[in-house]
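Step one of this worksheet: look at the structure below.
The values are calculated or read from the model by the stated rules, or taken from the named source; none is laboratory data. Quantities reported herein were computed from a predicted structural model and do not represent experimental measurements. All Cβ positions, even for glycine, are placed from backbone atoms using ideal geometry, and neighbour counts span all protein chains on display.
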Amino acid sequence: MENISFADFGKMDIRVGEIKSAEDVEGADRLYKVMVDIGGEERQMVAGIKPHYTKEELPGKKVLVLINLEPKTIRGVESRGMVLCAHTDDRSKLVCTTVEKEIATGAKVS
């Protein structure tokens, strides 16, 4: 794994976001289009978490999101950020990163 500088880490804008809704991405087995409140602004993101979460369990979940990632169109849907997740050791499950205690939506991770 390649190291990055502290300055490079400082360029990442990671915030606490609250998932407001999740929809299927047409023709994609792994993707949801999620709307995420990042503190007064809602962002559309494409997340490859469909095999691990139902649409019904995502709204209201507070997750960590990278919000200054360059926008990208995936399967015709523009994604303006990334929901941060981690794989289990055997890579059989993907888990969204969440916060331990109640914290304001939009709080900056540092």
* **Residue check for Val46: touching a residue at least 24 places away in the same chain (Cβ under 8 Å), among the β-branched types (Val, Ile, Thr), surrounded by 17 or more Cβ atoms within 10 Å (Cβ to Cβ) and touching a Cys at 6+ places or on another chain (Cβ under 6 Å)** => no
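Can you tell me which residues in segment 79-94 are loosely packed, with under 13 Cβ neighbours inside 10 Å, touching a strand residue (DSSP E or B) at 6+ places or on another chain (Cβ under 9 Å) and not polar (S, T, N, Q)? Before you say what the answer is, go through the steps one by one.
Applying the first criterion (loosely packed, with under 13 Cβ neighbours inside 10 Å) to segment 79-94 yields 86-93.
Right, trim to touching a strand residue (DSSP E or B) at 6+ places or on another chain (Cβ under 9 Å) and you get 86-88, 93.
Within segment 79-94, Ala86, His87, Lys93 qualify.
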* Structure fact -> Selection over segment 31-59 where residues are farther than 21 Å from Lys108 by Cβ and outside any strand (DSSP E or B) yields a count of 13
* **Residue tally, condition in contact (Cβ under 8 Å) with a residue 24 or more places away in the chain and among the hydrophobic types (A, V, I, L, M, F, W, C), over segment 1-43** => 11
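Residue by residue, here is whether (1) modelled with pLDDT of 95 or more; (2) aliphatic (A, V, I, L, M); (3) over 24 Å from Gly27 (Cβ atoms) holds:
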{"position": "Val46", "(1), (2), (3)": "yes, yes, no"}
{"position": "Ile49", "(1), (2), (3)": "yes, yes, no"}
{"position": "Tyr53", "(1), (2), (3)": "yes, no, no"}
{"position": "Pro71", "(1), (2), (3)": "yes, no, no"}
{"position": "Ile74", "(1), (2), (3)": "yes, yes, no"}
{"position": "Glu78", "(1), (2), (3)": "yes, no, no"}
{"position": "Val83", "(1), (2), (3)": "yes, yes, no"}
{"position": "Ala86", "(1), (2), (3)": "yes, yes, yes"}
* Asked: Taking interchain pairs and intrachain pairs at least six residues apart, which have beta carbon atoms under 6 angstrom, with the first residue in segment 66-88 and closer than 19 Å to Gly17 by Cα and the second among the polar types (S, T, N, Q) and not in a strand (DSSP E or B)?
  -> Leu84/Thr97
